[in-house]
1. Among the lysines, which fall within straight-line cross-link reach of Lys185, defined as a Cα-Cα distance under 20 Å, with same-chain neighbours fewer than 8 residues apart omitted?
2. If the viscosity is 1.002 mPa s and the temperature 20 °C, what translational diffusion coefficient in µm²/s does Stokes-Einstein give for the chain when Rh comes from Kirkwood over Cα pairs?
3. Please quote Rg/Rh for segment 1-131 to two decimal places, taking the Kirkwood radius as Rh and restricting both calculations to Cα atoms.
4. Taking the Cα atoms of segment 1-41, what is the range of coordinates along each of the three principal axes, in descending order and whole Å?
5. Could you work out which residue, out of Ala219, Ala199, Ala54, moves most in a Gaussian network model of the chain, that is, has the largest mean-square fluctuation with Cα springs under 10 Å?
6. Using the Cβ atoms and a cut-off under 14 Å, what net charge is assigned to the surroundings of Asp194, where Lys and Arg are +1 and Asp and Glu are -1?
7. Length gain on complete extension for the stretch Gln97 to Gln182, per 0.36 nm per residue less the alpha carbon to alpha carbon distance?
8. What does the charge add up to near Val5, with Lys and Arg as +1, Asp and Glu as -1, over the other residues with Cβ less than 14 Å from its Cβ?
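Just so it is clear, none of the values below were taken in a lab; they were calculated from the coordinates. Just so we're clear, the structure is a prediction, and the values are computed from it rather than from any experiment. Positions of Cβ are backbone-derived with ideal geometry, glycine not excepted, and every protein chain shown enters the neighbour counts.
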Amino acid sequence: MKLTVIGCWGGYPKKNEASSGYLLEHDGFNLLIDCGSGVLSKLQNVIHPEEIDAVVLSHYHPDHIADIGVLQHAKLIQGFLGKSFGTLPIYGHNQDQQEFLKLSYKEITKGIAYNPGLPLKVGPFDISFVQTNHPAICYAMRIEVEGKVLIYTGDTSFKEELIPFSKDADLLLCECNFYGNQNGKNAGHMTSLDAGTLAQAANVKTLVLTHLPHYGDLAQLIEEAKQNYGREVLLAEEGLIFEI
Ligand code: ZN
């Protein structure tokens, strides 16, 4: 599978960039993971919005879903312009009914509740979930295809359960909203040291830090993660591509 970073900023997008959004492609199927502010604009550097086959959402904070409404408008307008396509499925949890109902719009998109206790098949992808520690109900995802494994933590503070969940993954796309000398617990976010600890304990092959803070020297996040993890650590960046 091919992972393209569309946006990687925590909370809000940096100037001319986007907050959380990742495009996962396999066998011609395009899955958008989270759709934060700026994602619809930046996505168009890679594919047309109407080429998305499905969307899956970790949780309903604006930096992960702000562009769902404009994605719906993009498909509406492309429909007016004569393009025809089916209803786009948007998978999200339904433990926030108000937000979940917004995923369905005319015949353009349809919200589909995933059951976090059960595996979900979306196109070629097998997805399983674990709830994270975050102020809004949020799910990390384990996405597998043909024996390859991507873990996306969504937003979370460090949680023991994430270790077996991430076991032996090829790539851990790990939120890292705080530096090592901070405490992310109350905000429901991980530090660079937490990310390194998780990657090491789960024996993942590559660690990619994302949901990045808007201050400080980001290179420091890598150095701090490496204190706890012996393999490759990278920072997410718009346009970065990983072949998993
Ligand atoms: Zn959040």
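1. Cross-link targets: Lys159.
2. Rounded to a whole number, D works out at 121 µm²/s.
3. So for segment 1-131, dividing Rg by the Kirkwood Rh gives 0.94.
4. Its Cα atoms span 33, 14, 14 Å along the three principal axes.
5. Ala219
6. Overall, the nearby charge balance is -2.
7. Value of the extension gain: 27.2 nm.
8. -4
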